[in-house]
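Structure first, then comments.
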Amino acid sequence: MSLKVKFWGVRGSIACPSPNHISFGGNTSCIEVSAGGNRFILDAGTGVRNLGHWIFRKGPDHATFLFSHTHWDHITGFPFFAPAFHAKYQFTMLAGHLNDQGGLQRVISGQMSNPTFPVPLEAMRARLDFGDFRAGDSWSPAQGVVIRTAPLNHPNGATGYRIEHAGKSVCYVTDTEHLPGKPDQNILGLIEGADLVIYDSTYTDAEFPAKVGWGHSTWQEGVRLSQAANVQSLAIFHHDPDHEDRFMEQVEEDARAMWRGAFVARENMRLVLG
């Protein structure tokens, strides 16, 4: 009855495979959440490729993709998600920011179209059920599981998610820009009392003024929001590709000094809530 979380990709903007990105990982955003017999995949950055290999080995034949948004770093792994090419699998594909822009299927198909990719979406033999909702909607995809959403402040739109199961909750709040001194009420409402919040911590407060308008936040703002909303723990996430291992080690030290509930997400990290 526990809620399980695994980080398959924790990097933002662009994948960065290098000797200086070993401890925390270089793959872009992809998180797996298991709630009872239900599996949710939050974004399909380059980390989703390794998740696909795991699915082949372990055998779950269905899952639901929940996209925060569809900028490159959050979808670029999907054409390399091997289970999608096999008919035995079924995936529900959902997003909350594309209702007025032709829908999620158009975007995913577009990235796999000439002249930018040689294999079209139609080559995928799995059953892919695309759907679009509006950020702010809530629903229960299965007995005992509730999903709540909220709009985020990001260019072209983005959606934050809260997954609740067995009395526990995990929130995925990435690609969002805060206004200094004005806590985002949409986020506070979404994360109130959550056991775990995974938050866009691309920058530090010192870096942020030079990045206004880029659509990202800071680990310090994540701490402030988590403390204000009585959150149990904060996963610092969506690491800037220029933030190498030594930098991230210092971030974790500084974050833990500010609030003991904070930690830095690492690729392949597993958490069990409950």
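None of the figures in this text is laboratory data; all of them are computed from the coordinates on show. Quick caveat: nothing in here was measured; it's all calculated off a predicted structure. Neighbour counts run over all protein chains shown; Cβ positions are idealised from the backbone, glycine included.
Of all residues in the range 181-226, those satisfying the criterion of being touching a Gly at 6+ places or on another chain (Cβ under 8 Å), part of a helix (DSSP H, G or I) and among the polar types (S, T, N, Q) are ASN186, SER226. Criterion applied to PHE65, PHE80 was being closer than 17 Å to LEU128 by Cβ and touching a Leu at 6+ places or on another chain (Cβ under 9 Å), and the one residue passing it is PHE65. Hey, any hits in the range 227-238 for a residue that's assigned to a helix (DSSP H, G or I) and over 17 Å from the mean Cα position of the chain (by Cα)? Yes, some residue in the range 227-238 is assigned to a helix (DSSP H, G or I) and over 17 Å from the mean Cα position of the chain (by Cα).
Scan GLY96, GLY110, GLY77, GLY47 and give me the residue that is surrounded by fewer than 22 Cβ atoms within 10 Å (Cβ to Cβ) and out of contact with any His (no Cβ under 6 Å at 6 or more places or on another chain). The conditions single out GLY110. Of all the residues in the range 177-211, those that are among the polar types (S, T, N, Q), closer than 24 Å to ARG134 by Cβ and touching a Phe, Trp or Tyr at 6+ places or on another chain (Cβ under 8 Å) number 0.
Among the residues making up the range 16-42, those that are without any contact (Cβ under 8 Å) to a residue 60 or more places away in the chain and either touching a strand residue (DSSP E or B) at 6+ places or on another chain (Cβ under 8 Å) or crowded, with 18+ Cβ neighbours inside 10 Å (or both) are THR28, CYS30, GLU32, SER34, ARG39, ILE41. Counting only strands (runs of 3 or more DSSP E) that fall entirely inside the range 1-95 and contain at least 3 residues that are under 23 Å from ALA235 (Cα atoms) and of a type in the set (A, V, I, L, M), the qualifying elements are 30-35.
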